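Read-outs throughout are calculated quantities, based only on the coordinates presented, and are distinct from any laboratory measurement. Because the structure is predicted, anything quoted here is derived from the model rather than measured. Note: ideal-geometry Cβ built from the backbone for every residue, glycine included; neighbour counts use all protein chains shown.
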């Protein structure tokens, strides 16, 4: 990931930055106006919550997707 390379780039881009899972020190949050997407992470830190990934094996495997399509077409 190469979203930002320097502290100044981070601060400049922070209002428009969307990196789920990004953790910032509260000190940084206090220096700039952060978005409301940041939540308390732990003592001294905030983060943009990460919801996780959704694994859908029937759509990942072409064979399983074809079988699902066949079953749905038959019903």
Test of understanding: in a Gaussian network model of the chain with alpha carbons linked when under 10 Å, which of 49, 62, 20 would top the mean-square fluctuation ranking?
62
Among 58, 14, 22: highest mean-square fluctuation, GNM of the chain, C-alpha pairs under 10 Å
58
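Rounded, prolate or oblate: which fits the chain, taking a ≥ b ≥ c as square roots of the Cα gyration tensor eigenvalues, rounded meaning a/c under 1.5, else prolate when a/b beats b/c? Could the numbers behind the result be given before it?
Working: a/c = 4.22, a/b = 3.00, b/c = 1.41.
It is prolate, given that a/c is not under 1.5 and a/b is the larger ratio.
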For the stretch 5-22 and the stretch 35-56, distance of Cα centres in Å
14 Å
Pick from 43, 61, 18: which is most flexible by mean-square fluctuation in a GNM of the chain where alpha carbon atoms under 10 Å apart are linked?
61
Spin-label pair residue 28/residue 5, simplified geometry with 7 Å Cα→Cβ offset, distance in nm
1.7 nm
Can you tell me the 0 to 90 degree angle between the C-alpha axis of helix 62-74 and the longest principal axis of the chain, rounded to 10?
60 degrees
Run the quick spin-label model on residue 56 and residue 18: label points 7 Å from Cα toward the beta carbon, then report their separation in nm to one decimal.
1.9 nm
